[in-house]
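Written below as structure tokens is the structure these notes are about.
The values are calculated or read from the model by the stated rules, or taken from the named source; none is laboratory data. Small disclaimer: the values here were computed from a predicted structure and weren't measured. Cβ atoms come from the backbone with ideal geometry, glycine included; neighbour counts cover every protein chain shown. The area values use the complete protein model at the heavy-atom level, side chains included, leaving out ligands, DNA and RNA. Shrake-Rupley method; radii C 1.70, N 1.55, O 1.52, S 1.80 Å.
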Amino acid sequence: MQKRVVYISLTVFLLAVEILIALFVRDRIVRPYIGDMLVVVVIYTFVRIWIPDSVPLLPLYVFLFATVVEISQYFNLVELLGVSDSKFMRILLGTSFDVKDIVCYAVGCVLVWVAERKIRHL
């Protein structure tokens, strides 16, 4: 239960940071790059709420999930699903494909993997 509390706290905190970035940051570094790195960390910590025991390949699975979502933007999934009028769905699924986003997801997942390894060896 203690691990779950840690992951709930991390998820809420990081989600709040992501929301603050989305609402208030209009720059060329934090919002597009740090925000994309953080989003995979938020997904990872959220999954760990439900799966508190270590899953060594979870960072890879999160990366693959984020990459599939990014690739869906290339194919205009929002348009194909007919939900382009929904601001929520446009934000959730995204609307613009960018290979740099995938690189940011990879960096975020590597950071999570390194952090988890360090924590396990304490």
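Condition test on Val103, is it surrounded by 13 or more Cβ atoms within 10 Å (Cβ to Cβ), assigned to a helix (DSSP H, G or I) and of a type in the set (A, V, I, L, M, F, W, C)? Step through it out loud before you land on a result.
Values: surrounded by 13 or more Cβ atoms within 10 Å (Cβ to Cβ): yes; assigned to a helix (DSSP H, G or I): yes; of a type in the set (A, V, I, L, M, F, W, C): yes.
In short, yes.
Taking Leu60 as the residue in question, decide whether it is in contact (Cβ under 8 Å) with a residue 12 or more places away in the chain and surrounded by fewer than 17 Cβ atoms within 10 Å (Cβ to Cβ). Criteria met by Leu60. Look at region 11-23: where a residue is within 13 Å of Ile43 (Cα to Cα) and a partner is assigned to a helix (DSSP H, G or I) and of a type in the set (Lys, Arg), sitting 6+ places away or on another chain with Cβ atoms under 9 Å, you get Thr11/Arg48.
Condition test on Tyr44, is it open to solvent by less than 50 Å² (accessible area, probe 1.4 Å) and either part of a loop (DSSP other than H, G, I, E, B) or in contact with a Lys or Arg (Cβ under 8 Å, 6 or more places away or on another chain) (or both)? Taking the combined requirement at face value, the residue does not satisfy it. Quick check on region 67-86. Is at least one of its residues in contact with a Lys or Arg (Cβ under 7 Å, 6 or more places away or on another chain), polar (S, T, N, Q), more than 19 Å from Ala115 (Cα to Cα) and surrounded by 13 or more Cβ atoms within 10 Å (Cβ to Cβ)? Within region 67-86, one or more residues are in contact with a Lys or Arg (Cβ under 7 Å, 6 or more places away or on another chain), polar (S, T, N, Q), more than 19 Å from Ala115 (Cα to Cα) and surrounded by 13 or more Cβ atoms within 10 Å (Cβ to Cβ).
Of the residues in region 68-83, at least one is at negative phi and either in contact with a Cys (Cβ under 7 Å, 6 or more places away or on another chain) or of a type in the set (Ser, Thr, Tyr) (or both).
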